[in-house]
Structure formats: C-alpha cells, structure tokens
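Right, one structure below, let's go through it.
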Amino acid sequence: MTGNSFVRDNLDRVLENIINACIKAGRPVDEVQLLAVTKTVAPELINEAIDWGVTAIGENRVQEFLGKRDALHLDGVKAHLIGHLQTNKVKSIVGTVDMIQSVDSERLLTAISADSEKKGIVTDILLEVNVGREPQKSGALPELLPELLDKAAQCKGVFVRGLMTVPPILDTEAEKRKIFSEMYQLFIDNQSKKLDNINMNVLSMGMSGDYYEAILEGATTVRVGSAIFGRRQY
Ligand SMILES: *Cc1c(COP(=O)(O)O)cnc(C)c1O
C-alpha cells in the first residue's frame, strides 16, 4: 500500500492520548470512540486512516460527503454527519449516514423524521447543544433541550442516542474542563428521562485541541480532524 505515513503516525499518537486520558479518568478505554473528521480530506488519505484502524468518520457537508462516498472504503465503517444541516438537504443525507449529530431544532427533527419514515428507516441522531451560548454557533440552548427531547419523543423516524456540542475555544485546561463538565451535567440531567425513541448513551465532544480534556469530563465520542490529517486546506 502506498501512502503518507504521517496519517498513521498522527493516528497512533491520538489513540495513545485517548488511552492515556481514559487511564487518568479511570474509565474503560472502550468507552470512548474516535470519530475521524474527514472534511476537506482527500479520499486516499481517509482510506489510509481506515486501513490503519479508523472505524468511524465524520463529515460536515452533505454535498462533500456524497461526492466522496463512492471512493471511500466504508465497509464496516460508520459515517456521521457532524456539520450544520439545512432542511432542504435532509432528503439527500437521510439513509446515507449512520448518524446525524447536528440536530438542533424542532424543524430539523420533524424533517429528518418524516423523510426517514418515508424511506422506512429510523435515523440515529444526537441533539446539538450550544453549551457556550455563542450567538454565531448552531446548537440548541441548554434550557431548550427538554422541549426538543419531548418533540423527539413524538418523531417516530428518529432515535436520539445522545448529545453533541462544539464548545467555545478556550485556552487553559481548567476552562476547557469546566465547559465540558457543564455539558456532562446536562447530559446526565436529561439522560434519566424516560421518553419514547430516546436512549442517551453518546456524549460527543472534544476536537483536536481539547479531546483529552473532553474525555476527562465524560465524552464518549471525540471528533478529531486536524490532529490526524494535518491542517485543512480549503
Ligand atoms: C471540523 C470539526 C471537528 C474537528 O476539528 P479539528 O479541530 O480539526 O479536530 C469536530 N467537530 C466538528 C463539528 C467540526 O466541524
């Protein structure tokens, strides 16, 4: 196999950091899933990461994912949509990915559910929370989460597997851990509710700059892009 071994070296380093974070947190290593974020990355590099053991990838944009999909070795690999989804793209993506992580409105819930029902499937989703309350960011505000969960319980075409967040970029370890711990608390508070179509076991948080801290605070999925594939070229 040809290829750029920097992807393998990076991947080994990330996996080692994940293991170390689990050990530090006293958590079983298999509790944390690595989602390799592949936006802007060429299929050859993505396939190299897959050959080196990546079992889940995350893409941000519907068109980009659909354009690359046929070139990817997705056998046995999960694909997640992690970027903001417009309602008019719902039809194109439902049924092509294993999970949509970025659901943040009733409108989107309804659209994904309706299209899934039409296709005879149930789509696994995460609800995206704007835990840092940043005006420019997608994600539901924390206090709107209960309403969103009630709505999801009525949407037979979706199944809520957990929560996702993209927190503010913070400098210190203490600040990072504080915001992740807020998110974890929110996850725990809402997890206990017994609602239809909802069983929250996934907490998706942590990216290249902060996945270590995210794991310390309870992340079950970390979404890592540039630490594996290098700086993105847009
Ligand atoms: C791009 C992106 C990531 C990965 O970011 P890196 O800093 O490159 O690891 C994770 N999550 C979302 C939602 C993204 O858009």
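Taking every pair of alpha-carbon atoms in segment 113-170, give the share separated by more than 19 Å as a whole percent.
Numbers: 602 of 1653 pairs.
That tail contains 36 percent of the Cα-Cα pairs.
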For segment 83-90, 3J(HN,Hα) per residue [Karplus equation, 6.51 cos²θ - 1.76 cosθ + 1.60, θ = phi - 60°, Hz, x = Gly/Pro]
x, 4, 10, 8, 4, 6, 9, 4
Over the Cα atoms of segment 8-109, what Rg and Dmax result, in angstrom?
15.1, 44
With Rg and the Kirkwood Rh both taken from Cα atoms, where does Rg over Rh land for segment 107-234?
1.00
Let me spell out the model: positive unit charges on the Cβ of Lys and Arg, negative unit charges on the Cβ of Asp and Glu, origin at the Cα centre of segment 98-234. What dipole size does that give, in debye rounded to 20?
340
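Between their Cα atoms, which of Lys68/Lys119; Lys91/Lys178; Lys78/Lys156; Lys68/Lys176; Lys39/Lys91; Lys24/Lys137 are more than 29 Å away from each other?
In this structure, Lys91/Lys178; Lys68/Lys176; Lys24/Lys137 lie more than 29 Å apart at Cα.
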Order 211-223, 156-168 from most to least packed using the mean count of other Cβ atoms within 10 Å.
211-223, 156-168
Of the candidates Ala25, Thr96, Leu81, the farthest towards the positive dipole end of the chain (Lys/Arg Cβ +1, Asp/Glu Cβ -1, centred on the Cα centre) is Thr96
Taking every eigenvalue of the Cα gyration tensor of segment 71-114, multiplying by 5 and rooting it, what semi-axes result, largest first, whole Å?
21, 10, 9
Under the rule of at least 5 residues apart or a separate chain, name every residue whose amide H is placed under 5 Å from the amide H of Ala56.
Ala36, Lys78
Binning every alpha carbon pair distance of segment 1-57 at 5 Å from zero, what are the percents per bin?
4, 18, 28, 22, 14, 9, 4, 1
Count the net charge of all other residues whose Cβ sits under 13 Å from the Cβ of Asp196, scoring Lys and Arg as +1 and Asp and Glu as -1.
+3
Please list log₁₀ I(q)/I(0) at q = 0.12, 0.13 Å⁻¹ for the chain, using the Debye equation with identical point scatterers on the alpha-carbon positions.
-0.64, -0.76
Given charges at beta-carbon only (K, R positive; D, E negative), |dipole| of segment 1-124 in Debye
360
Given the Cα-Cα distance of Thr40 and Arg232 and 0.36 nm per residue of separation, how much length would full extension add, in nm?
68.5 nm
Computed over the chain, the relative contact order (Cα-Cα under 8 Å, seq sep at least six) in percent reads 21
Normalised by the residues of segment 41-123, what does the relative contact order come to in percent, with Cα pairs under 8 Å and at least six apart?
25
Could you order Lys176, Lys91, Lys119 so the one with the most accessible surface comes first? Probe is 1.4 Å.
Lys91, Lys119, Lys176
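The values are calculated or read from the model by the stated rules, or taken from the named source; none is laboratory data. Since the structure is predicted, the reported quantities are computational estimates derived from the model, not experimental observations. Here the Cβ is made from the backbone with ideal geometry for all residues, glycine too, and neighbour counts use every protein chain on show. Areas reflect the complete protein model, heavy atoms only, side chains present, ligands, DNA and RNA absent. Shrake-Rupley method; radii C 1.70, N 1.55, O 1.52, S 1.80 Å.
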